[in-house]
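Input: a single structure, listed below in structure tokens.
The values are calculated or read from the model by the stated rules, or taken from the named source; none is laboratory data. In this text, all values refer to a predicted model and were calculated from it rather than measured experimentally. Glycine gets a Cβ as well: all are built from the backbone with ideal geometry, and neighbour counts include every protein chain shown.
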Amino acid sequence: MPAGTLYIVATPIGNLEDMTFRAVRILKEVDLIAAEDTRHSRKLLSHFGISTPLTAYHDHNETLKSPYLIEKLKAGQSIAIVTDAGTPCIADPGYRIVRAAAAEGITVVPIPGASATIAALSASGLPTDEFTFAGFLPSKSGKRRERLQELQGEPRLLVFYEAPHRLTATLADMAEVFGPREAIVCRELTKIYEEFNRGLLLDLVQHYAETPARGEVVILVAPGVAADEEPMDLEGMLRSLLADGVTVKDAVRRVADATGQPRSAVYDLALRLKQEGNS
């Protein structure tokens with residue numbers, strides 16, 4: 001008997017309309033769905049009229065459950081892996097059974113769909129040709145800072161996941177380790193209260209200290225200036241434009257667009273230069 005197929009099925013991260021037609025079809029056709037939280041997944045399946053049997057597959061039983069699922073696959077059954085939201089195996093359980101299935105010659109098929117990382121990157125306005133996904137940082141500040149120190153020299157855009165109750169503390173540690181870097185807090189992606197909050201790390205610390213966040217969070221942190229790289233001469237660029245008679249508004253827009261720096265920071269610098277010129 002030929003082995004079954006293991007499907008890695010992405011599910012919505014918030015908006016149910018992001019479920020793909022292919023994902024619905026596969027979840028209806030497989031013999032079993034292995035879900036991170038069966039209660040959560042049952043609501044999703046009910047919404048789409050999917051009655052396929054469910055079994056629990058999560059961080060706490062992954063090691064024990066994988067052999068059981070592999071035997072079912074070898075017996076000819078097809079199985080879909082889903083997590084609570086987004087794409088399985090990305091900062092979520094799943095890689096062990098994929099590895100085991102591949103070792104047994106079982107076909108593994110990805111069913112792509114929603115991803116918090118890709119959604120955040122696509123609407124960030126930051127250079128995304130290269131990025132480093134760092135996932136969840138340690139929950140304790142000391143270990144978190146150690147990990148951030150390891151990433152301090154990373155030349156690529158950094159992507160983190162974080163829980164809302166740790167957001168302010170994590171941003172504060174980032175500000176201390178990384179310095180005045182541009183960052184974006186992407187919150188409640190695809191949901192009603194979706195938010196992209198852009199600014200320097202210290203500004204974001206202050207904002208969320210005053211307005212606690214709700215919902216799952218993706219943090220994007222722009223790369224720092226490499227040790228052998230000259231920092232951008234924002235002041236020189238602004239002085240040149242203002243001297244040519246360009247308005248403050250247009251000068252700020254041009255410099256921010258050209259450098260990727262937050263407009264608020266460029267605007268503050270432009271006002272200071274303007275005031276110096278008038279004094």
* Asked: Restricting to region 242-261, what's the tally of residues that are of a type outside the set (A, V, I, L, M, F, W, C), at pLDDT 80 or above and in a helix (DSSP H, G or I)?
  -> 4
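Every residue, every condition in (1) at pLDDT below 95; (2) part of a strand (DSSP E or B); (3) within 29 Å of His58 (Cα to Cα); (4) among the small types (Gly, Ala, Ser), yes or no:
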position	(1), (2), (3), (4)
Gly113	no, no, yes, yes
Ala119	no, no, yes, yes
Leu126	yes, no, no, no
Leu158	no, yes, yes, no
Tyr161	no, yes, yes, no
Asp173	no, no, no, no
Val177	yes, no, no, no
* Asked: Just checking, how many residues over region 37-88 are touching a residue at least 24 places away in the same chain (Cβ under 8 Å) and not polar (S, T, N, Q)?
  -> 27
* To do: Determine, yes or no, whether Thr63 is among the polar types (S, T, N, Q) and within 24 Å of Tyr193 (Cα to Cα).
  => no
* When you scan region 161-179, how many residues do you find that are out of contact with any helix residue (DSSP H, G or I) (no Cβ under 7 Å at 6 or more places or on another chain) and farther than 13 Å from Ser139 by Cα? -> 2
* To do: Within region 179-197, work out how many residues are more than 16 Å from Tyr161 (Cα to Cα), in contact (Cβ under 8 Å) with a residue 12 or more places away in the chain and part of a loop (DSSP other than H, G, I, E, B).
  => 5
* To do: Report the residue count in region 13-36 for those that are over 20 Å from Lys191 (Cα atoms), in contact (Cβ under 8 Å) with a residue 24 or more places away in the chain and of a type in the set (D, E, K, R).
  => 5
* Confirm whether Glu146 is outside any strand (DSSP E or B), among the acidic types (Asp, Glu) and modelled with pLDDT under 95. => no
* When residues of region 22-67 are limited to those that are within 19 Å of Ile106 (Cα to Cα) and of a type in the set (S, T, N, Q), the one surrounded by the most Cβ atoms within 10 Å (Cβ to Cβ) -> Ser66
* Structure fact -> Output for Cβ contacts, cut-off 7 Å, separation at least six or different chains, first residue closer than 14 Å to Ala222 by Cβ in region 128-144, second outside any helix (DSSP H, G or I) and modelled with pLDDT under 95, reads Glu130/Arg156; Phe131/Arg156; Thr132/Glu154; Thr132/Arg156
* To do: Among residues belonging to region 62-81 that are modelled with pLDDT of 95 or more and polar (S, T, N, Q), point out the one that is farthest from Val30 (Cα to Cα).
  => Gln77
* Taking region 198-226 only, how many residues are part of a strand (DSSP E or B) and more than 21 Å from Ala91 (Cβ to Cβ)? -> 3
* Give region 62-99 a look and list any residue that's within 17 Å of Pro12 (Cα to Cα) and among the aromatic types (Phe, Trp, Tyr), or say none. => none
